[in-house]
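Participant: I am attaching a structure below and will ask some questions about it afterwards.
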Amino acid sequence: MADSIREQIISAIVAHLGTWSTGNDYNHSCGINVYRARHFWEISEAPAVTIWPQVESNNPKYGNNYNTMPVRFEALTIYEVGENSSAIIEQLLADMKRLMGQQRSATVDSLADGVAYVEGGPEEYPDSSQSVVGCSAAFHISYFENRNDPYSQ
């Protein structure tokens, strides 16, 4: 059976996250390692990003489901002694906003009715003994699917 509309959107986002690189005019290259719902990373895997699709809500409209799927991204990158971890976090957040905003993939745009940034920033700041810094961002992705048929719009 084909993938559901939700899975198609998630897969398109995962593929698009792979474009996150300095060669594509981003501040960092977290697209080198893209994961889905991964809890633990090794420092050697940074830079990296993971996507966490979350529980969606539904607002039925005229024979369709109008779903809003929250999606959270967590990104890690290496920073060097002397660099400001707060500045690196702000770059990571800006990169994520740009990836899901103006640089969003055509596949996501063709399936989703809207993508909205909800929140983002650091969970905590690293201490001077750490060499990685991280940031998260959350987006709401709205999309239609036929009622009782999550495989078609």
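Participant: Counting helices only, and only those DSSP H runs with n ≥ 4, report the 222 nm mean residue ellipticity of the chain as the sum of -39,500 (n - 2.57) divided by its residues, in deg cm²/dmol to the nearest 500. Numbers along the way, then the final one.
Facilitator: On the way: 3 runs with 35 residues, N = 153.
Helix contribution divided over all residues of the chain: -7000 deg cm²/dmol.
Participant: Could you please rank Arg72, Arg147, placing first whichever residue has the fewest other Cβ atoms within 10 Å of its Cβ? Write out the running numbers ahead of the final one.
Facilitator: Working: Arg72 17, Arg147 13.
By the 10 Å Cβ count, ascending: Arg147, Arg72.
Participant: How big is the charge dipole of region 1-76 about its Cα centre, in debye rounded to the nearest 20, if each Lys and Arg gets +1 on its Cβ and each Asp and Glu gets -1 on its Cβ?
Facilitator: Working: 5 positive and 7 negative charges, 50 e Å.
The calculated dipole for region 1-76 is roughly 240 debye.
Participant: Output wanted: per-residue J couplings in Hz (rounded whole) for region 110-120, from phi through Karplus 6.51 cos²θ - 1.76 cosθ + 1.60, θ = phi - 60°, x for Gly and Pro.
Facilitator: Ordered by residue, 3J(HN,Hα) equals 6, 9, 9, 7, x, 10, 10, 5, 10, 6, x Hz.
Participant: To continue, here is another question. Counting other C-beta atoms within 10 Å, which of Phe40, Phe139 has the fewest, and how do the rest follow?
Facilitator: Ordered by Cβ neighbours within 10 Å, fewest first: Phe40, Phe139.
Participant: Which whole-number percent of Cα pairs in the chain have a distance greater than 19 Å?
Facilitator: Value for the chain: 53 percent of Cα pairs lie more than 19 Å apart.
Participant: Would you pull out the residues with amide H under 5 Å of Tyr79's amide H, same chain only if 5 or more places away, H placed 1.01 Å from N?
Facilitator: Amide H to amide H, under 5 Å and 5 or more residues apart or across chains, Tyr79 pairs with Val132, Val133.
Participant: Could you give the dipole magnitude of the chain about its Cα centre, charging the beta-carbon of Lys and Arg +1 and that of Asp and Glu -1, in debye to the nearest 20?
Facilitator: On the way: 9 positive and 19 negative charges, 109 e Å.
Its charge dipole is roughly 520 debye.
Participant: Output the antiparallel fraction of DSSP beta bridges having both residues in region 1-116, as a percent to the nearest 5.
Facilitator: Working: 9 of 12 bridges.
Counting only bridges with both partners in region 1-116, antiparallel ones make up about 75 percent.
Values quoted throughout were computed directly from the atomic coordinates according to the rules given, and no laboratory measurement underlies them. Note that this is a predicted model, so its numbers are computed, not measured. Quick reminder, even Gly has a Cβ in these numbers, built from the backbone with ideal geometry, and neighbours come from all protein chains shown.
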